[in-house]
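To start, the structure itself, in structure tokens.
Every number here is computed from the coordinates shown, using simple stated rules; none is lab data. For clarity, every value in this text was computed on a predicted model and none was experimentally measured. A quick note on method: Cβ atoms are made from the backbone with ideal geometry, for glycine too, and the neighbour counts reach across all protein chains shown.
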Amino acid sequence: MPLRLDGGGFRLLTAHRVQHNGARGPYKGGLRYHPDVDLDGVRALAAGMTWKTALAGLPFGGAKGGLDVDPKGLSPAELQRATRGVMDKLEKVLGPMRDIMAPDMGSGPAEMAWLMDEYGRLHGHTPAIVTGKPVELGGTVGRVEATGEGVAIVTHEMAAAIGLPLAGARVAIQGFGNVGSNAAAALARLGCRIVAVSDALGAVRNPAGLDVDELVRRARSGIVGHEGMTVERITNEELLATDCEILVPAAVGGVLNAATAGAVRARLVVEAANGPTTPEADRLLAGAGALVVPDILANAGGVIVSYLEWTQNTQNLAWARAQVDADLERRLVAAAADVRARAAADGCSLRAAAYRLGVSRVGRAVRLRGYV
Ligand code: GLU
């Protein structure tokens, strides 16, 4: 896809959209903006969405998209042209009953507004074509916070299951974008002590607890490099090895791997990011007695509230925040209970249980449609 640059000239970008499975309903999943985006990675993420929507009981299939660019390296005008360009290339395979995009790493409400507007220019106003839109343009209240708040809800359920009190529990969070920062705020409200956080520029730690409100205020300009906070500056590796009860990887994939997982001291690892743990790391963590809450459960709050946005759009409704929050909590608590029960019945990990549930629900839909 050629992108016309502000200073004249063009840059060639590559965008992907993978529609993995649609047996349970329209394809659903985010659009990621990151320089490392490639087809294989998008394929894996699309498959993850298929199992995630099934696990959450949503009437959606799974998809993911990506554009191989660092959005911070583009001007606002270039970013808008790139985003409209993606829609111009994809509009024929999307639709509110066919494939619904949403935010992912590097994208948010602004990009969703441009995607909706571009689709509307071609097909007429269609708010249900994307979720994660600004509230003023048909987005739902609570969508921005949904993934992070969902991480806190699932953490609450799983901590209770292993007898870990959240009041005073020490939490380290890797990644302080939309998901990490909202998870930090929600976990702090549940009584957790946030002792370490990191962003792309570095990490900070204070065993007595960090001021989460202050960190959220600073998140846009980078949480490190600021004066006036009582913090110890640490590396990302040190953050993963921080002495804490709960570790929340909320950034890129693959951060818990054979080289880093051995140093993890948390009892509970909650995968706010997609794919943060490699299979070797999974084995190391299990061997060390840590409970890993898999991504397709831990971060399902985002797509759950996307579903609530889509249902509001198709009925021209605008729910109150309390209704969104109650629905999100009910669905996540049920999904967490399903995963726990399956893990206990099968004697397997939470990850295996979550996959078994997701895959079997998709399998049932495939059989009911008469495909096999
Ligand atoms: N990108 C998010 C995810 O990985 C949200 C997807 C959506 O809301 O459709 O789950």
Most packed first (mean Cβ within 10 Å per residue), the peptides 63-70, 342-349, 190-197 order as 63-70, 190-197, 342-349
Comparing Thr131, Thr230, Thr260, which has the greatest mean-square fluctuation in the GNM of the chain with Cα pairs linked when under 10 Å apart? Thr230
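Assuming R0 = 22 Å, what is the FRET efficiency of Val366 and Ala44, from their Cβ-Cβ distance, to the nearest 0.05? Intermediate values should be presented prior to the final figure.
Values: r = 20 Å, r/R0 = 0.92.
Computed FRET efficiency for Val366 and Ala44: 0.60.
Sequence gap at least 6, Cα distance under 8 Å: using those rules, report the relative contact order of the range 283-350 to the nearest whole percent.
Details: 24 pairs, mean separation 25.3, N = 68.
Contact order relative to length: 37 percent.
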With a 10 Å Cβ neighbour count serving as the proxy for reagent exposure, in which order, fewest first, do Arg143, Arg220, Arg265, Arg351 appear? Arg220, Arg265, Arg351, Arg143
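With runs of 4+ DSSP H residues as the only contributors, calculate the mean residue ellipticity of the chain at 222 nm using -39,500 (n - 2.57) per run, divided by the residue total and rounded to the nearest 500.
Details: 12 runs with 163 residues, N = 372.
After summing the helix terms and dividing by residue count, I get -14000 deg cm²/dmol.
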How high is the relative contact order of the range 26-154, given as a whole-number percent (alpha carbon pairs under 8 Å, six or more residues apart)? 25 percent
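So if we plug the beta-carbon distance of Glu214 and Gln323 into 1/(1 + (r/R0)^6) with R0 = 25 Å, what FRET efficiency do we get, rounded to 0.05? Mind showing how you got there, number by number?
Values: r = 31 Å, r/R0 = 1.24.
After rounding, the FRET efficiency stands at 0.20.
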Distance between the range 186-214 and the range 80-121 - C-alpha centres, whole angstrom: 34 Å
Selection from Val305, His156, Leu122 lying farthest towards where the dipole of the chain points positive, charges on Cβ: Leu122
Using Cα pairs under 8 angstrom and six or more residues apart, how large is the relative contact order of the chain, in percent? 16 percent
For Glu280 paired with Asp243, estimate the spin-label separation in nm (one decimal), with each label point 7 Å from Cα along the Cα-to-Cβ line. 2.8 nm
In a Gaussian network model over the chain where Cα atoms closer than 10 Å are linked, find which of Ala251, Ala160, Ala352 has the largest mean-square fluctuation. Ala160
Taking only the alpha-carbon positions of the range 44-198 and ignoring solvent, what does the Debye formula give for the base-10 log of I(q)/I(0) at q = 0.12, 0.17, 0.20 Å⁻¹? -0.62, -1.08, -1.31
Taking every pair of distinct Cα atoms and averaging 1/r, then inverting, what Kirkwood hydrodynamic radius in Å comes out for the chain? 20.9 Å
